[in-house]
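Read the structure below first, then the notes.
The values are calculated or read from the model by the stated rules, or taken from the named source; none is laboratory data. Remember, it's a predicted structure, so these values are computed and weren't measured experimentally. Every residue, glycine as well, gets a Cβ built from its backbone with ideal geometry; the counts of neighbours run over all protein chains shown.
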Amino acid sequence: SQKIEQNSEALNIQEGKTATLTCNYTNYSPAYLQWYRQDPGRGPVFLLLIRENEKEKRKERLKVTFDTTLKQSLFHITASQPADSATYLCALGDQTGANNLFFGTGTRLTVIP
Amino acid sequence: GAVVSQHPSRVICKSGTSVKIECRSLDFQATTMFWYRQFPKQSLMLMATSNEGSKATYEQGVEKDKFLINHASLTLSTLTVTSAHPEDSSFYICSARDPGAITQYFGPGTRLTVL
């Protein structure tokens, strides 16, 4: 079965720096990958989607890369702010059946003022 | 756009009772909704896929007689936890997908505590 690993359970960075989160996967060939933000006690909020034929996607201070050879996605938050502190989840999906998503366990990011 | 609501946000019940959780897509029609469960510090685990007008598809290991799913309309799916036990205590989250799109939009979740 597929395995999705997010590099670290927790990541602390200084405000203003760039946060880089990693998502690695095995035993799977996703058609797309999504990143979500989850705050404590809340449901995930969609941030970005990147397809298998795309190398990079950007949205404001967010950037996602997708390397299907390395089976890895990197998620960057530039000029990080304390309000960016949350858990970030990567999710992989394909376009067969119901388009189910498979989630990683998440990385808890803390931006220190 | 793409707002999904859940009700209730929190429920505490006694062991043996049944609890119903509602999931609504507020500004779009969702032919497919998903139900997830999340234990503390763990990933979201898909429980079942709910299709409007047909039976839900359950993931392996999820008891369909215990977790009843009804997707009666294009904007509403319900999950009923029957004869709840303390081990059913968890954070239940639904999501909905806009027809023709890939992205799932999640509800705010329901915290179930079974005493």
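Any residue that is among the basic types (Lys, Arg), part of a loop (DSSP other than H, G, I, E, B) and within 14 Å of the chain's Cα centre (by Cα) - is there at least one of those in region A:39-46? No: region A:39-46 contains no residue that is among the basic types (Lys, Arg), part of a loop (DSSP other than H, G, I, E, B) and within 14 Å of the chain's Cα centre (by Cα).
One line per residue, one yes/no per condition, for (1) surrounded by 17 or more Cβ atoms within 10 Å (Cβ to Cβ); (2) free of Cβ contacts under 8 Å to residues at least 60 places away in the same chain; (3) in contact with a Lys or Arg (Cβ under 6 Å, 6 or more places away or on another chain):
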| position | (1), (2), (3) |
| --- | --- |
| A:Glu5 | no, no, no |
| A:Ser8 | no, no, no |
| A:Glu15 | no, no, no |
| A:Thr18 | no, no, no |
| A:Leu21 | yes, no, no |
| A:Ser29 | no, no, no |
| A:Leu48 | yes, yes, yes |
| A:Glu52 | no, yes, no |
| A:Lys63 | yes, yes, no |
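For every residue, the table says whether it meets (1) touching a residue at least 24 places away in the same chain (Cβ under 8 Å); (2) surrounded by 22 or more Cβ atoms within 10 Å (Cβ to Cβ); (3) farther than 14 Å from A:Pro44 by Cα; (4) in contact with a helix residue (DSSP H, G or I) (Cβ under 9 Å, 6 or more places away or on another chain).
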site	(1), (2), (3), (4)
B:Leu68	no, no, yes, no
B:Thr75	yes, no, yes, no
B:Thr80	yes, no, yes, no
B:Ser83	yes, no, yes, no
B:Ser89	yes, no, yes, no
B:Ile102	no, no, yes, no
B:Thr110	yes, yes, no, no
B:Thr113	yes, no, yes, yes
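Of B:Ile93, B:Ile21, B:Ile102, all but one fail to be within 13 Å of another protein chain (Cβ to nearest Cβ), within 21 Å of A:Trp35 (Cα to Cα) and either modelled with pLDDT under 95 or touching a His at 6+ places or on another chain (Cβ under 8 Å) (or both); the exception is B:Ile102. Filtered by the rule that a residue be surrounded by fewer than 21 Cβ atoms within 10 Å (Cβ to Cβ) and assigned to a loop (DSSP other than H, G, I, E, B), region B:42-61 gives B:Gln42, B:Ser43, B:Glu52, B:Gly53, B:Ser54, B:Lys55, B:Glu59, B:Gln60, B:Gly61.
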